[in-house]
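Quick notes on the structure that follows.
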Amino acid sequence: MKRAVCPGSFDPITFGHLDIIERASKQFDEVIVAVFVNRKKEGLFSVQERLDLIAANVAQYKNVKVDSGAGLLVDYCKAKNVDVIVKGLRAVTDFDYELQMAQVHTQASGVETMFMATSPAHSFLSSSIVKELAHHGGDVSTMVPANVNAALKARAASQEEK
């Protein structure tokens with residue numbers, strides 16, 4: 001069984017992420033969407049909220065599971081018997097960073113990384129951009145699933161009340 005992981009902070013998940021997950025689901029027997037906390041970024045949603053938002057949007061893929069992880073990705077891969085790390089690339093700047101990480105992962109654990117070019121329709125998307133637009137009342141309905149859009153609006157409204 002070929003098992004892959006799509007790791008990320010997914011804060012929040014976007015149509016770009018979902019595109020990569022769907023395409024990976026066609027290449028592997030099992031795909032784990034693993035939510036990791038990025039210590040360099042302040043999270044808008046809790047890990048559990050992210051897991052719930054993701055799960056609702058990948059339910060149609062029977063071979064996709066949702067999980068969370070902490071610590072090193074290579075340790076997670078060993079513990080879950082993951083063969084391949086799947087990463088989406090939007091631009092050359094993504095590649096520079098992701099190539100270094102892929103080389104570290106391969107050297108540390110033997111786990112390979114597969115890069116998938118993001119579909120052109122989603123190449124500009126990032127969770128950071130979505131959060132910034134949503135924070136200022138921008139329409140992100142073409143960038144995220146309906147449940148994520150609703151969660152962003154609810155979070156913005158609750159922050160305004162404070």
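Each reported figure results from applying straightforward, stated rules to the coordinates on display, with no laboratory input. Just so you know, these numbers come straight off a predicted model, no measurement behind them. Virtual Cβ from ideal backbone geometry, glycine too; neighbours counted across all protein chains shown.
Could you run the Karplus curve 6.51 cos²θ - 1.76 cosθ + 1.60 with θ = phi - 60° over region 30-42 and give me ³J(HN,Hα) per residue in whole Hz, x for Gly and Pro?
Couplings: 9, 10, 9, 8, 10, 7, 10, 8, 8, 5, 7, 10, 7 Hz.
I need the calculated FRET efficiency for the pair ASP29 and HIS135, taking r as the beta carbon distance and R₀ as 41 Å, to the nearest 0.05.
Numbers: r = 39 Å, r/R0 = 0.95.
Once rounded, the FRET efficiency stands at 0.55.
Would you kindly state how much longer the chain becomes between ALA154 and SER126 on full extension, computed as 0.36 nm times their sequence separation minus their alpha carbon distance, in nm to one decimal? Intermediate values should be presented prior to the final figure.
Working: separation 28, 0.36 × 28 = 10.08 nm, distance 1.98 nm.
Contour length minus the Cα-Cα distance gives 8.1 nm.
Dividing the Cα convex hull volume of region 1-43 by residue count, how many Å³ per residue is that? Mind dumping the intermediate values first?
Working: hull volume 2.5 nm³, N = 43.
Output value, Cα hull per residue: 59 Å³.
In the chain, if every C-alpha pair distance is counted and binned at 5 Å from zero, what percent goes to each bin?
1, 9, 18, 21, 22, 15, 8, 4, 1, 0
Could you derive backbone 3J(HN,Hα) for region 150-158 from the dihedral phi with the Karplus parameters 6.51, -1.76 and 1.60 (θ = phi - 60°), listing whole Hz in sequence and x where the residue is Gly or Pro?
In residue order, the calculated couplings are 5, 5, 5, 5, 5, 5, 4, 5, 5 Hz.
Assign unit charges at the C-beta atoms only (+1 for Lys and Arg, -1 for Asp and Glu), then state the dipole size of region 3-122 relative to its Cα centre in Debye, rounded to the nearest 20. Working shown, then result.
On the way: 13 positive and 15 negative charges, 15 e Å.
Around 80 debye, computed over region 3-122.
Can you find, among ASN81, ALA157, LEU53, the residue farthest towards the positive end of the dipole of the chain? Put +1 on the C-beta of Lys and Arg, -1 on that of Asp and Glu.
In the chain, that residue is ASN81.
What does a probe at GLN60 reach in region 2-36, counting residues whose amide N is under 17 Å from the point 7 Å along Cα→Cβ?
14-27
In what order do PHE45, PHE124, PHE95, PHE10 fall by count of nearby beta-carbon atoms within 10 Å, going from fewest to most?
The order, fewest Cβ neighbours first, is PHE124, PHE95, PHE45, PHE10.
Distance check, please: which entries in LYS87/LYS153; LYS2/LYS78; LYS40/LYS62; LYS41/LYS87; LYS41/LYS153; LYS41/LYS62 exceed 25 angstrom between their Cα atoms? Write down the numbers at each step before the final one.
On the way: LYS87/LYS153 28 Å; LYS2/LYS78 13 Å; LYS40/LYS62 33 Å; LYS41/LYS87 19 Å; LYS41/LYS153 20 Å; LYS41/LYS62 31 Å.
Too far apart for the 25 Å limit: LYS87/LYS153; LYS40/LYS62; LYS41/LYS62.
To the nearest 20 Debye, how big is the dipole of region 72-162 about its Cα centre, given +1 on the beta carbon of each Lys and Arg and -1 on that of each Asp and Glu?
Values: 8 positive and 10 negative charges, 44 e Å.
Magnitude of the dipole: close to 220 debye.
Could you compute the net charge surrounding ALA102? Neighbours are other residues with a C-beta less than 13 Å from the C-beta of ALA102; K and R count +1, D and E count -1.
On the way: positive: LYS87; negative: ASP94, ASP96, GLU98, GLU112.
So the surrounding residues net to -3.
Given that compact globular proteins tend to follow 2.2 N^0.38 Å, what is the ratio of the alpha-carbon Rg of region 13-73 to that value?
On the way: Rg = 11.8 Å, N = 61, 2.2 N^0.38 = 10.5 Å.
Region 13-73 yields a ratio of 1.13.
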